[in-house]
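Engineer: Have a look at this one before I ask anything.
The values are calculated or read from the model by the stated rules, or taken from the named source; none is laboratory data. Being a predicted model, the structure only gives us computed values, none of them experimental. A quick note on method: Cβ atoms are made from the backbone with ideal geometry, for glycine too, and the neighbour counts reach across all protein chains shown. Just the protein is used for accessible areas: all its heavy atoms, side chains included, with ligands, DNA and RNA removed. Shrake-Rupley method; radii C 1.70, N 1.55, O 1.52, S 1.80 Å.
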Amino acid sequence: MNASAPLPPGLYIVATPIGNLGDLSPRAADILSRADVVAAEDSRVTAKLLHHIGVKRPMQPYHDHNADAVRPSLIARMAAEVVALVSDAGTPLISDPGYKLVRDARAAGVTVTTVPGPCAAVAALTLAGLPTDRFLFLGFLPPKEKAKADAIVEIAAVRATLILYESGPRLAATLTTLQGVLGDREAAVAREITKRFEECVTAPLSQLAARYAEAPPKGEIVIIVAPPGEESAPKEQDINALLQDALTRLPVGQAAAEVAKATGLPRKELYSRAMALKA
Ligand code: SAM
């Protein structure tokens, strides 16, 4: 794109740094500096970024609480103006608002342009030293223990590396639940990526859970979990725990089917085991 030519109107999805401001791309800076309006999750956070590149642009807050109300007027502006969407950090739409804005913009015939850049999920994947050929991004799991375990059961048999966002205070509990459902898979905790106290610790889930239960970490965190492998096939007691949990909610046949889906074990075998547990 010619930097001196006016930008065509439309919606620009602009990724911003996840810590180190040096990661803002020149193209992202250029588009932000020429936007007619910057739709921002938190205008105070974005004001700092704009200050860093030495520009002031009009901002329109766009977050979970006002998105439905402001979306139509933002879409209307895109016909003739440059609207840039940013989130507080990283790539908009990834565990952040924006997908409905893109959906409605496209439906209205607006040109949507992406300006790719930092994303904590991908950055963590590059640090962990775990397989990268297939991965499944789970975002934030539900905070309540039961809903969290159910969400993990649902994807337990997927042969892909898992990527999750989590907060420091919940980290140890989530690692323990992951281990309970998935077995003691290899995993990594990547923290404060691109910031001063960046670290990435790779170890079996049990060791990570013990480490972070003792000292709940500060800062922003991504959990990476290796795909299922022979060595991490669920243990006897893990299978029984899964069945027992399923039996509190479901009849025997359905409980066996759910655990078969999660573990890849034969349903017939799990049915007999569930009958025995019930007895
Ligand atoms: N859209 C963002 C992206 O592209 O990564 C993610 C937004 S989500 C609301 C925020 C979560 O991303 C944090 O709670 C944390 O799990 C993860 N995260 C963001 N920045 C991070 C960093 N520098 N180091 C580790 N995790 C980070």
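Engineer: Name the pairs whose Cβ atoms lie under 6 Å apart, with the first residue in the range 154-180 and modelled with pLDDT of 95 or more and within 15 Å of the ligand (Cβ to nearest atom), the second part of a helix (DSSP H, G or I) and polar (S, T, N, Q), and 6 or more positions between them or separate chains?
Structural biologist: E166/T174
Engineer: Please specify each residue of the range 220-248 satisfying the condition of being open to solvent by less than 40 Å² (accessible area, probe 1.4 Å) and at pLDDT 95 or above.
Structural biologist: Within the range 220-248, I221, V222, I223, I224, V225, A226, P227, P228 meet the criteria.
Engineer: Being within 16 Å of the ligand (Cβ to nearest atom) and either in the same structural domain as A256 (by TED's automatic domain parsing) or among the hydroxyl-bearing types (S, T, Y) (or both) is the filter here, so list the residues in the range 125-153 that pass it.
Structural biologist: T126
Engineer: Might you check whether a residue that is among the polar types (S, T, N, Q) and in contact with a helix residue (DSSP H, G or I) (Cβ under 7 Å, 6 or more places away or on another chain) occurs anywhere in the range 2-15?
Structural biologist: no
Engineer: Please work out which residue is farthest from Q179 (Cα to Cα), limiting yourself to the range 249-260 and to residues that are touching a helix residue (DSSP H, G or I) at 6+ places or on another chain (Cβ under 8 Å) and open to solvent by 60 Å² or more (accessible area, probe 1.4 Å).
Structural biologist: Among them, the one singled out is Q254.
Yes/no per residue for (1) assigned to a helix (DSSP H, G or I); (2) small (G, A, S); (3) in contact with a Phe, Trp or Tyr (Cβ under 6 Å, 6 or more places away or on another chain):
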{"position": "N240", "(1), (2), (3)": "yes, no, no"}
{"position": "D245", "(1), (2), (3)": "yes, no, no"}
{"position": "L250", "(1), (2), (3)": "no, no, no"}
{"position": "A255", "(1), (2), (3)": "yes, yes, no"}
{"position": "A276", "(1), (2), (3)": "yes, yes, no"}
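Engineer: Can I ask one more? So which of T202, T194 ends up being assigned to a loop (DSSP other than H, G, I, E, B) and over 24 Å from L265 (Cα atoms)?
Structural biologist: Only one candidate qualifies: T194.
This table checks each residue for (1) over 25 Å from I163 (Cβ atoms); (2) open to solvent by 20 Å² or more (accessible area, probe 1.4 Å); (3) not aliphatic (A, V, I, L, M).
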| site | (1), (2), (3) |
| --- | --- |
| G54 | yes, yes, yes |
| R77 | yes, yes, yes |
| V83 | yes, no, no |
| L93 | no, yes, no |
| A105 | yes, no, no |
| G117 | no, yes, yes |
| A128 | no, no, no |
| L136 | no, yes, no |
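Engineer: From (1) under 19 Å from T176 (Cβ atoms); (2) in a helix (DSSP H, G or I), pick out the condition that doesn't hold for V189.
Structural biologist: (2)
Engineer: Of the conditions (1) out of contact with any Cys (no Cβ under 8 Å at 6 or more places or on another chain); (2) within 17 Å of D42 (Cβ to Cβ); (3) within 14 Å of the ligand (Cβ to nearest atom), V70 satisfies every one except a single condition; which number is it?
Structural biologist: (3)
Engineer: In this structure, is G22 open to solvent by 60 Å² or more (accessible area, probe 1.4 Å), at positive phi and at pLDDT 95 or above?
Structural biologist: No.
Engineer: Restricting to the range 169-195, count the residues that are of a type in the set (D, E) and either open to solvent by 50 Å² or more (accessible area, probe 1.4 Å) or not assigned by TED's automatic domain parsing to the domain that holds G129 (or both).
Structural biologist: Qualifying residue count for the region: 2.
Engineer: Under 7 Å between Cβ atoms, at least 6 apart or on separate chains: pull out the pairs that start in the range 65-91 with a residue that is touching a residue at least 60 places away in the same chain (Cβ under 8 Å) and end on any residue that is among the basic types (K, R).
Structural biologist: Once the first residue is touching a residue at least 60 places away in the same chain (Cβ under 8 Å) and sits in the range 65-91, its partners that are among the basic types (K, R) give V82/R34; V83/R77.
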